[in-house]
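Have a look at the structure below before the remarks.
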Amino acid sequence: MEVWPGTAYPLGATFDGTGTNFALFSEHAEKVELCLFDDDGGEARFRLDEVDGYVWHGYIPQVQPGQKYGYRVHGPYDPDSGNRFNPNKLLLDPYAKAVHGQMDWDPALFSYNLGEPDSVNNDDSAPHMMMGVVINPFFDWDGDHNLRVPYHKSVIYEAHVKGLTM
């Protein structure tokens, strides 16, 4: 599979009917790898070389809905400045529209070795992480129809979500 440039917007994984665009924001990253996983846990890595406004992006034509994915982000490891980049840690897409699996709390998830906060933990976290899943955004409205309720018999209710649900 080859990676095309893609677009920086929208963030996350976006299926367009033939392939999927991936976009991830990271201001301090030096390199971003998209990791695609098969059902047996096999991993294929693809470098996202395009960067616009700190958004790393790429388009892969063959990626279809149901594909599991995550990111490995390379950059500075400087805890004092808040940067703990570690490509051995699989990252869940913060804009993933669906996820697969669950967190398996394991020391491999931590960026440092437990009890040694200044150390670097190079254990691969992928077997213990949830992964994003590419979804199909197209909904088949076949069989659905307009309710045809006249406006004078309708109620339009505008409310703040917090005020309505608390």
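The values are calculated or read from the model by the stated rules, or taken from the named source; none is laboratory data. The structure presented is a predicted model; accordingly, all values stated were derived computationally and were not measured. Cβ coordinates were reconstructed from backbone atoms using ideal geometry, including for glycine residues, and neighbour counts include every protein chain displayed.
Brief remarks follow.
- Within the set Gly163, Gly101, Gly115, the sole residue that is on the phi > 0 side of the Ramachandran plot and either touching a Cys at 6+ places or on another chain (Cβ under 9 Å) or without any contact (Cβ under 8 Å) to a residue 24 or more places away in the chain (or both) turns out to be Gly115.
- Condition met for Tyr77 (among the aromatic types (Phe, Trp, Tyr), at pLDDT below 95 and over 17 Å from Gly132 (Cβ atoms)): yes
Table: residues versus (1) part of a loop (DSSP other than H, G, I, E, B); (2) acidic (Asp, Glu).
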| site | (1), (2) |
| --- | --- |
| Leu24 | no, no |
| Cys35 | no, no |
| Arg45 | no, no |
| Val51 | no, no |
| Gly58 | no, no |
| Asp80 | no, yes |
| Pro87 | yes, no |
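- If you filter the stretch 5-22 down to residues that are of a type in the set (A, V, I, L, M, F, W, C) and assigned to a loop (DSSP other than H, G, I, E, B), you find that the one that is surrounded by the fewest Cβ atoms within 10 Å (Cβ to Cβ) is Leu11.
- Qualifying residue in the stretch 132-154 (condition: touching a Lys or Arg at 6+ places or on another chain (Cβ under 9 Å) and part of a strand (DSSP E or B)): yes
- Selection count where residues are over 23 Å from Met1 (Cβ atoms) and aliphatic (A, V, I, L, M), scope the stretch 54-111: 3
- When residues in the stretch 110-135 are screened for being farther than 17 Å from Glu43 by Cβ and of a type in the set (A, V, I, L, M), 3 of them pass.
- Among residues of the stretch 70-93, those that are in contact (Cβ under 8 Å) with a residue 60 or more places away in the chain and either small (Gly, Ala, Ser) or loosely packed, with under 15 Cβ neighbours inside 10 Å (or both), counted: 1
- Residue list for the stretch 94-120, filter: surrounded by fewer than 13 Cβ atoms within 10 Å (Cβ to Cβ) and of a type in the set (S, T, N, Q): Gln102, Ser119
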